[in-house]
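Any read-out appearing in this document is the output of simple, stated calculations on the displayed coordinates, not a laboratory observation. Quantities reported herein were computed from a predicted structural model and do not represent experimental measurements. With ideal geometry, Cβ positions are generated from the backbone for all residues, glycine too; neighbour counts draw on all protein chains shown.
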Amino acid sequence: MVTVTAALVAIGLVTLRYLAAADPTGVAQAQSSLPAHSVPSASRGAVVVELCDGVTHTEVKGLKPGQQMTRAQALAVTGQLMAEWRRKHPDRHWVLAQNDQASPSASSPENPARGNIAGPGETANTKSQQGDTYASFHERDFKVWQAQTDAFVNYGNQVFHSAKLLGSTIGVSCDMCHPNAANTHPETYPKYQEQLQRVALLRDMIDWCIENPIKGKTLDPNDPKMRALEAYILAQRKGVALDYGKH
Amino acid sequence: MAARHKSVETRFYEDRDRVLRALRNCDRRTFLKLSAATMGAVMAKGLVPPHTFQLIEVANAAVDKNWGTHGAQGSAPFRFAYISDAHLYERTLNQRFIRAIVKAVDDVNALDPQPDFVLYGGDLAQLGSPGQLETGRQILGNLKAPVKMMVGEHDWFLDLGEKWQELFGPPTYSFDWKGVHVVVLQSVYEKDFWTARKMTPAERMQTVAGLDNAVQSRFEVGDAQREWLKNDLAKVSKSTPLLIFSHSPLYKYYRPWNFWTEDAEQVQAILKQHEKVTVIHGHTHQMLFNQIGNISFYGMLSTAWPWPYAPEGLPKLTVQMNRADPFDQFDGCGDGEFTARTDQLVDTVYNLWDRNPVTVRADYLVSGGKVDRPPAPQFASY
């Protein structure tokens with residue numbers, strides 16, 4: 001199966017990702033598996049192109065796997081996909097999101113990206129942007145991402161404070177020794193941990209604490225709880241300079 | 001990682017088990033060999049048995065010339081020990097914290113001569129349940145010296161002090177001891193944050209038990225108890241030294257973690273009318289000292305775990321203890337001892353387990369840090 005999602009992202013249709021279900025608890029964010037799209041295989045001598053909703057798709061005849069579409073071809077394909085999506089979702093006002101003008105603060109010197117933000121349903125002004133992926137995002141994108149990230153961190157916060165979620169057999173949670181993740185110093189890893197006789201990462205220390213003072217079972221590095229714990233601990237040290245190897 | 005890397009604690013218990021196994025059924029010659037080997041191991045670590053506690057000089061002849069000059073006729077130097085912040089669960093759930101308080105009880109029982117009394121600094125239980133409090137009382141019952149109890153928030157907020165008071169009596173009281181007036185306060189009252197949120201008692205307790213949540217109120221001594229304190233001190237001469245035991249610090253260190261007493265200034269205003277005042281508090285689980293006017297403050301160590309130093313608000317005179325080794329259950333924890341001197345100042349010994357004890361002389365505090373500065377840590381907080 002060949003899919004060409006990236007081509008669509010590049011021409012500004014990525015805002016459809018907003019339609020993904022909201023994740024207020026952050027649990028889904030912590031899941032290790034990424035969403036998988038399921039589209040039918042292409043027939044011989046063709047390529048299937050999918051929309052980022054993971055459902056809508058079309059077959060481009062005459063395009064061989066690995067071959068690039070011309071710009072005109074790509075615009076035709078994406079137009080067709082969008083039309084199909086609109087037909088299936090007559091009530092969705094995706095255009096409104098793009099009409100939502102950025103706030104004045106967004107054009108401040110701290111946010112130079114504003115000049116590259118694309119307008120409603122179009123590619124951004126080719127004069128003012130370099131045509132890269134990030135240049136096409138609207139301020140709303142950043143807000144959504146921040147909310148998703150905060151939800152992820154918040155799930156880590158819950159795990160950090162819960163002996164139950166940590167699987168402690170003796171009623172101990174991380175915050176009992178590390179309020180606000182104090183003294184976890186994630187910015188100092190990797191570093192040689194004398195007690196372990198090897199170089200340790202933050203997650204090695206998290207696992208050590210879970211196994212010893214907390215008396216629980218160590219987590220797989222991809223375990224949603226491990227990922228969320230790392231997220232929470234790192235988030236508490238925003239602005240602290242990275243200083244690996246520090247003792 | 002589990003199989004290859006063992007904590008100091010795990011290794012210690014394995015070594016100990018091995019020795020104990022070997023000791024069974026061994027003949028005299030083997031026994032002597034074994035005891036020589038264990039002694040050698042202890043010496044090799046630079047520890048002199050009994051290494052977990054070191055007696056300090058009790059009375060200083062040089063200060064005896066002050067005898068009586070402060071109008072405290074009949075006062076005498078005396079020592080008392082403390083154990084604090086054990087945060088016990090019941091034995092069936094958690095042996096770690098039990099082991100720690102038992103170690104402290106052993107330390108204090110090994111003191112020779114025995115202290116006049118032992119202050120228990122509060123937070124006997126982790127979540128205030130009757131079983132936890134009773135477990136603690138049973139363990140403290142093994143102390144040879146008399147015990148003076150103080151309450152902490154972990155003891156209080158499940159049933160608002162009902163069980164604790166049933167076991168130990170009123171949380172606020174005072175007594176006179178060898179010329180010193182001693183006051184024990186309940187300094188962990190909080191304004192009602194639970195009714196409006198419809199919290200169960202267990203939820204209320206769990207909320208107070210967490211340091212880094214913004215939900216709970218700040219600690220306070222409260223109007224009624226401050227009034228009681230005023231009346232209590234009205235009967236005491238201004239020149240009589242005061243020793244105040246409080247679970248919360250009675251000053252403002254770091255609000256977000258409730259290292260804080262909301263009405264601290266009002267309490268200090270009452271205390272500072274007396275010439276010599278020493279406040280000894282629990283709750284902060286770290287080497288911590290402060291001087292505000294004529295009031296000296298000492299924070300007590302916990303047996304359960306050390307808290308990190310707060311990111312701001314640390315009193316200038318505090319010399320941080322070395323960072324704790326997370327691989328050693330006992331590091332950064334401990335117990336300690338106070339000496340009420342004949343000049344009415346109070347010295348303290350921080351008996352940090354598995355480290356050299358740190359003595360903080362009152363002279364360091366009252367001189368504003370000019371003399372007797374305690375040794376600096378090699379590794380301060382990050």
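The table for this structure:
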quantity	calculated
Using a Förster distance of 30 Å, the FRET efficiency for B:Ala196-B:Val236 (Cβ separation, nearest 0.05)	0.15
Shielding by partners - mean other protein chain Cβ count within 10 Å, residues of A:180-187	5
C-alpha center-to-center spacing [region B:273-315, region A:37-66] in angstrom	69 Å
Computed label-point distance, nm, for sites A:Gln197 and B:Gln273 using a 7 Å Cα→Cβ extension	6.5 nm
Test item: A:191-198 mean partner chain Cβ contacts at 10 Å	3
Label point distance in nm, B:Val147-B:Lys370, each placed 7 Å from Cα along Cα→Cβ	4.3 nm
For peptides B:331-343, B:108-120, A:152-164, sequence by mean Cβ density within 10 Å, most packed first	B:331-343, A:152-164, B:108-120
Exposure proxy order (Cβ contacts within 10 Å, fewest to most) of B:Ser296, A:Ser41	A:Ser41, B:Ser296
Förster radius 45 Å - calculated FRET efficiency between A:Asp91 and A:Ile170 (Cβ-Cβ, nearest 0.05)	0.30
Computed FRET value (nearest 0.05) for B:Glu90 with B:Ala224, which takes r as the C-beta separation and R₀ as 30 Å	0.35
³J(HN,Hα), Karplus 6.51/-1.76/1.60, whole Hz, each residue of region B:342-358, x for Gly, Pro	5, 8, 6, 9, 10, 9, 9, 10, 8, 8, 6, 4, 6, 9, 5, x, 10
Relative packing of B:256-265, A:64-73, which averages over residues the other C-beta atoms within 10 Å, highest first	B:256-265, A:64-73
For B:Lys252, A:Lys88, order by how many other beta-carbon atoms lie within 10 Å, fewest first	A:Lys88, B:Lys252
Hz values of 3J(HN,Hα) by residue in region A:204-217 - Karplus curve (6.51, -1.76, 1.60), Gly and Pro given as x	5, 6, 4, 5, 4, 5, 5, 6, 9, x, 7, 6, x, 9
Counted charge near A:Ser168, where neighbours are those whose Cβ lies closer than 14 Å (Asp, Glu -1; Lys, Arg +1)	+2
HN-Hα J in Hz across region A:36-45 - Karplus 6.51, -1.76, 1.60, θ = phi - 60°, x for Gly and Pro	10, 8, 10, 10, x, 5, 7, 6, 4, x
Protection proxy ranking, peptides B:273-279, A:190-196, average beta carbon neighbours within 10 Å, highest first	B:273-279, A:190-196
Ranked A:Ser136, B:Ser187, B:Ser302, criterion: other C-beta atoms within 10 Å, fewest first	A:Ser136, B:Ser302, B:Ser187
Relative contact order of region B:255-382, defined on C-alpha pairs under 8 angstrom at six or more residues apart (%)	20 percent
